Amino acid sequence: MADLQGAERAQYVQEMFARIAGRYDLMNRLMTFGQDVRWRSYVIAQAALPRCGRLLDIATGTGDIAAEGVRQHPDLTAVAADFTLEMMQAGRERYPVRRVLHWVGADTLALPFGDDSFDAVTSGFLMRNVIDVAGALAEQYRVTRPGGRVVILESSPPKRNLLRPFIRLHLDYVIPTLGELITGEGDAYRYLPTTTQRFQTPAALAVTMRDVGFVEVSYRLFMFGTIGVHTGRKPDRR
């Protein structure tokens with residue numbers, strides 16, 4: 001399924017996340033040994049949100065990053081957007097108070113927001129699933145205000161070192177087995193590790209971010225280099 005392209009791939013991804021929505025958060029905790037909570041906290045810290053700021057979390061899933069933004073900044077206006085409505089419905093059951101998160105159906109390649117609308121745009125495990133990485137980044141750049149930041153939490157292909165066989169074992173066998181046991185959707189958890197291994201390296205993604213126009217692009221790696229938090233700033237107007 002990772003070989004799908006274009007609209008066919010987008011449809012598969014949307015349907016896949018709809019099927020696993022109810023157990024998505026549990027699987028994230030299990031796959032990452034609970035470290036994903038710390039990574040999301042770091043994402044919000046890197047967003048450098050101002051007082052009474054505006055945050056867009058695209059491909060929000062169940063809204064964990066957006067909710068972490070509100071936890072760190074209680075005066076924040078947080079918009080949680082996704083094109084899989086079932087994922088957001090699962091999130092609304094976790095965060096039922098409407099004033100905490102504003103839920104919006106949105107495609108990351110055609111965001112329904114005006115230019116310069118947000119102080120920061122975040123995403124978690126989005127980029128390896130989009131059909132146009134540069135196009136998705138360009139949309140995030142467009143809706144970010146000058147001086148604002150885009151922060152991306154994304155998995156990375158395992159490095160070629162002594163740990164690579166063990167990481168491949170985890171990706172190719174442990175995660176699909178857990179996915180089958182926990183969600184009944186082993187195919188989804190074979191697809192997701194495959195997209196990780198075929199995605200851009202952190203250095204290549206940083207180049208794509210710079211090509212789109214971001215400055216001060218940097219990234220920090222976690223979990224033996226298999227997870228990266230990438231940060232870029234939209235230049236100030238001259």
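Rule-based calculations on the coordinates, nothing more; no lab input. Not measured: the values here are computed from a predicted model. Note that each Cβ is placed from the backbone with ideal geometry, even for glycine, and that neighbours are counted across all protein chains shown.
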Relative contact order computed over region 113-174 (Cα-Cα under 8 Å; 6+ residues apart), in percent: 40
Calculated [θ] (222 nm, deg cm²/dmol) that DSSP helices of n ≥ 4 give over the chain, each run adding -39,500 (n - 2.57): -12500 deg cm²/dmol
Under 10 Å, Cβ to Cβ, from Glu139 - net charge with Lys/Arg +1 and Asp/Glu -1: -1
Residue exposure sequence - Ile152, Ile20 - by fewest surrounding Cβ within 10 Å: Ile20, Ile152
Stokes-Einstein translational diffusion, region 96-174 - Kirkwood Rh over all Cα pairs, 0.692 mPa s, 37 °C, in µm²/s: 218
Under the Karplus curve 6.51 cos²θ - 1.76 cosθ + 1.60, θ = phi - 60°, whole-Hz ³J(HN,Hα) for region 228-233, x wherever Gly or Pro sits: x, 10, 9, 10, x, 10
The chain - Rg and Dmax from Cα coordinates, angstrom: 16.8, 55
Of the DSSP H helices in the chain, those whose Cα atoms cover at least 18 Å axially and whose Kyte score averages -0.5 or more: 6-20
Under-5 Å amide H pairs with Ser156, H placed in peptide plane, nonlocal only: Ile227, Gly228
Other-chain or far-sequence residues with amide H under 5 Å of Gly147's (modelled H): Lys234, Asp236
For region 179-199 versus region 15-74, the gap between their alpha-carbon centres in whole angstrom: 19
Kirkwood Rh (inverse of mean 1/r, distinct Cα pairs), region 43-99, angstrom: 11.4
